[in-house]
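Below: one structure, written as structure tokens.
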Amino acid sequence: MKAWVVDQWCEPEAMQWKDVPRPEPVSGKALVKINASAVNFFDTLQIQGKYQVKPPFPFSPGGEISGTIEA
């Protein structure tokens, strides 16, 4: 599958569109096929490394999504 990936702090336009392994949901979690995602102010800060919570690399931003539950 493809995903926008952040593997270093950068501007949103420097994110990379990469092939990534399809995740398998664990108990209590869902797998969502994302049809649309927004990059909002929170996401922009996180991509730049300026948000108070910094996820480990690599990560895919997207606090707002629309999609279909697949599993």
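Derivation of every value follows stated rules applied to the coordinates shown; laboratory data play no part. From a predicted model like this one, the values you see are computed outputs, not experimental measurements. Every residue, glycine among them, receives a Cβ derived from its backbone with ideal geometry; neighbour counts consider all protein chains shown.
Tabulated data for the structure shown
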{"item": "Size of charge dipole - the chain - debye, nearest 20, with Cβ of Lys, Arg +1 and Asp, Glu -1, no other charges", "result": "140 debye"}
{"item": "Overall Cα dimensions of the range 13-71, principal axis frame, Å, largest first", "result": "33, 23, 22"}
{"item": "Given charges at Cβ of Lys, Arg, Asp, Glu: the chain dipole, positive-most of I69, V53, P25", "result": "P25"}
{"item": "Mean separation of Cα contacts under 8 Å, 6 or more apart, over the residue count of the chain: relative contact order %", "result": "42 percent"}
{"item": "Residue-span extension gain [T44 to F57] - 0.36 nm each, minus C-alpha spacing", "result": "3.2 nm"}
{"item": "Estimated 222 nm signal from helices in the chain, with DSSP H stretches of n ≥ 4 weighted -39500 (n - 2.57), rounded to 500", "result": "-3000 deg cm²/dmol"}
